[in-house]
Each structure stands twice: as C-alpha cells, then as structure tokens.
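First up is the structure itself, then whatever we jot down about it.
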Amino acid sequence: MFANVFAFELRYQARNPVFWVVFTLFFLLTFGAVSSPNIQIGDGGNVNANSPAAIAEITIILTIFFMFVTTAFVANVIVRDDESGFGPMVRSTRVSKFDYLIGRFAGAFAISAVAFLAVPLAIFIGSLMPWVDPETLGPNRISYYLYAYALLALPGIFLTSALFFAVATVTRTMMGSYIGVVVFLVLYLIFGALTEFDPDLMTFSAYAEPFGGAAYELLTRYWTASESNTQMAPFTGILLVNRLIWIGVALLALAFAYSRYQFAERGLSARQVKKQDRVAKKLAKQAPQLTNALPAATPARASWVRLITRCKFEMQQVFRSPAFFILILIGLFNSVAALFFVNELYGTPAYPMTFYVIEILQGSFTIIPVIIAIFYGGELVWRDRERKMHELIDSTSIPNWAFMVPKALAVVGVLLTTLLISVVAAMLVQTLRGYTDYELDKYLAWYVLPLTVEFASLGILSVFIQALSPNKYVGWALMMLYLVATITFSIIDWNHPLFLFGQGINVPLSDINGTAVSADGAWWVRLYWGLFSIMLAIAAHWLW
C-alpha cells in the first residue's frame, strides 16, 4: 500500500502546474547565471563556471531558495484532502496512517528532488552554449554534479521538506506553512549575519548552518583557484557531521509530524456545537425581508458589469494560486537581498536613491513577471477546459469577448500588481537604510508603467500561443523556446528592438537627467509592439 500511495502522490504532483513552473524558473535562473555575464548567483570569483566550487555554490544558494517550493509540495499533502472534502473518505479506507502520511510525504519529497534537477541540468547545458568564453569553463565531469546534488542539495531539500511538513501538520493551512518559511528564512539570515565575520564562531557555524554552506566554505576557505577548479571538498569531518546532524533534525521533524497527525475523524467540540446552536437560533428569529427591485439593466451597463466581474474573477484565481505566492516570495527574496548587499556604484558606496534602486529591481526581480506572464497565460486559457466546464460555458448566450478579453486584462492586472509589490519592498529597504524620499512618480514613470507595457505584450503573446496550441504544455514549451531564443539572440547581438518581439530599448536612469537618454525612442518601440500585441489579441479572440 505504501508504494501505491507514493506512486499516486508522485503522479499527482508531476501533473501539478507548480512543478513545471518551478522547474522552468530554476532552469532559467541557473542557465542565465552560467551562460550570461548579466546574471550572477553567488560571488563567482575567478573559478570556472562549471567547476566543483561554482557548482557547489550555486547548488547551496538555490537550495535555500528552494524551501518555498518544497513547502508548496509537502504542505499540499496535508491540506489538500481536507480542502477538497475527500479527507474523511480516504481515511475511512483500509490504508494505514503510516502508508497514507509517510507515503504521500515521500512522493512530495521525491517530486521536489526531481524539480531541483533543473539546476545541474541548466549548469551542464549552459556550459555547452557556443557563445560562452571557453576560457571560463573546465571539463564537465559527472562526479561534480553528483557530489553537489546528492551530498549538498538532497539533504537540504529533505530538511526543509520535513520541517515544513511538520508545520503544515500543526497549522493545517498553506498560509501557516508559508509563514513558517518566512520565519525560518529570517532566522537563517540573522544567524548568518551574526556568525559570518566572527572567526571564533566559524567552526560552530559550520556545524549549525542547515544547508552545509558554512561547512563547505570552511573546508575550502584557503584553496587556490586551481584547486577550486579541479577538486571537491572532502566529504569527511565537519561537512559529514553537518549533514548527519541536519538529516537527524529532519527525521525528528518527520516523527513529530507523524505523532501530531490525527488520522481518525474528529467531531465538533462542545464550544463549536454551542456556537452552531446560537447561530441557528439567531437566524430562526430573523423575519424574512423583501429586497428592492433591481434597476433595469441596459446592454451597455450589463457589458461593463460583465467585463469587470470576469476580470476580478480571473485575477482572484491567480492571486489564490500557490505558484503565484511562491514566485513572488522568490522574487522578493532575490531583489531585497540585492538591495541590501549591492551597495556600491562605480566603486563608491551608494545612497539608495530611487534611480539606483530601480536599476537593481530591473536586474533582480523582472524574471518573475516574465514567468507569471507565460505561466498564467496558459492557466487562464485552459482552466475551463481542464475542469470540463468549457462546453457548459460555450452553450450560454455570453459572447466570446466576455471570456477572452477579461483573461488578457487579468494577466495585465496581475503583472501590474506584481510590479507594485516589488516597489513596496524596495521602499521598505530604502526606509531601513535611512532613505525616505521615495519619489513615487519616478517609480511609476520609470519602472511600473514601462515594464507593465512590455510584460503585457509578453502576456498577450502567451495567450495567443495558447489559443493556437493543442494543450497548454505545448504552449508553455513554445514560450520557453521564445525566451531561450531571445536570450541567445541578445548574447550574439541579434537584438534589434524592431525584430525581436517585445524587445525594448535600455534607458539609462539618472538623478540629474532622469530618462532624457533614449526614453522617447523606448516608448515608440513599446507603442510599436503594443499595437502588434493588440493584433495578436484580436487574432486570439477569433481563434477562441
């Protein structure tokens, strides 16, 4: 029975859109870090991009990011049946508590491990790209990738899976699990800040740091570039003990979750019964009330109401999605870290003025709206069909535009909201660093509005591709090809803004000159691709 439950959970999570969007996001981040000088994960240094040291550093850093993903998989195991109403039915069968709970945890952990394979795969493929300087690469050895994945990544993924599985068991909500992730991350960052620069605490940190990064750094602290390019840190001593300690912590968390989980159905408490009785008596005493007649609806008014209602509905579906929450957290984590630690401009400590903060956001956060535009373009177009509701909807008197237009507008609204969230985070960082002249007009004019237009064009392209595709996975694959092609063409200088769809013009920002350089040309290019996007939206409407 354990094997059956494990296989079911593995199949279910593999069909979950969260798996595919996470695999794509981590692949693109890692691929860009290896193949492009514009994206960096870690401090890099003067070692090869595919050296054991670089692979280990990228793996450890992304394992920390990945805790948001493992939480989505393992917490879903706990809350899914109860939210869908199938929990009592499943628990009434002959399946045992161990098979049910541990089998599903094992399936969720396995799919997390599979999703993280995107990282070594991206490093390997990125190192094979023809535009990468061969002087920055070394030989690709499978032992480097196996070492980093099996000894550094998997224990970290198992630890976060078990910890937040236990949190989900106690809270029984996805939100409670995500709050646990945020608390854990804050404590981890505080721990790192307190121990990083204290030589007396380095050995303690090597044992106590949960992802093995401090232990690996201590072992390789005085290695030369040649040693880092050709040798892996010996998996003995501090590093081995560190991994064993935290695997033990993970097993204790898993045992705690197993002991806390109530497999039998629990009835209502006396307090809940009394509350239900009070509500029922209150409703029984209320006299029925007549409602006023509704005002006569005109066709124009009905159309506007229909459009607004559908837009709200489509946006709510996105905001309630776990994948959206994960993407926002990853983007904010990356951008806030960059805003805190990237403190120099042209070798001089920089005051966090708005133009400088915007440039950092453009480099650290904008990959998230791109993924959202592509992912939810497919989700919004195919949701009704996947739930077998499209025939019922198509049989109504509602015109096609009432479905297609709100979906496109919902993508734009979600992208706008995403950028506004990043602005709030940036202003919070400015406040913490002692800067209070927030200049909201510059945030809107230089960052929010231009990028909303550019990402909206990408979202409409995604909707158009999905309208043409036989299923959403083909549409996602085509959009991934578009992204990879865009990155490739930009690296080899085939990046004329009038040839590559949605390609904008880089506008240098200055506190003195503002956007005086290239701003007019950039808006003409946005208008050019915006009009093209409108044509694609009309075509998607016809193809609906």
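Throughout, read-outs are computed from the coordinates displayed, never taken from laboratory work. Just so you know, these numbers come straight off a predicted model, no measurement behind them. Glycine gets a Cβ as well: all are built from the backbone with ideal geometry, and neighbour counts include every protein chain shown.
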Exercise. Taking N as the number of residues in segment 114-156, what value does Rg over Cα atoms divided by 2.2 N^0.38 Å take?
Worked result: 1.27
Seminar exercise, completed: Rounded to 0.05, the calculated FRET efficiency for the beta carbons of Val474 and Ile534 at R₀ = 22 Å is 0.35
Problem set entry | Reduced Cα scattering model of segment 123-217, Debye log10 I(q)/I(0), q = 0.21, 0.24 Å⁻¹ | -1.03, -1.13
Exercise. Hey, what did segment 160-266 get for relative contact order, percent, Cα under 8 Å, at least 6 apart?
Worked result: 36 percent
Exercise. With contacts defined as alpha carbon pairs under 8 Å and 6 or more residues apart, what's the relative contact order of segment 398-473 in percent?
Worked result: 45 percent
Problem set entry | Between segment 195-230 and segment 407-457, the alpha-carbon center distance in angstrom | 38 Å
For this session: Would you mind computing Rg(Cα) / (2.2 N^0.38 Å) for segment 428-544, counting N as its residues?
Result: 1.29
Problem set entry | Net charge of neighbours whose Cβ lies under 11 Å from the Cβ of Phe73, counting Lys and Arg as +1 and Asp and Glu as -1 | +1
Problem set entry | Paramagnetic reach from Glu359 in segment 440-458 [backbone N under 15 Å; point 7 Å along Cα→Cβ] | 447
Exercise. Around Gln362, what is the net charge, scoring Lys/Arg as +1 and Asp/Glu as -1 over all other residues with Cβ under 14 Å from its Cβ?
Worked result: -1
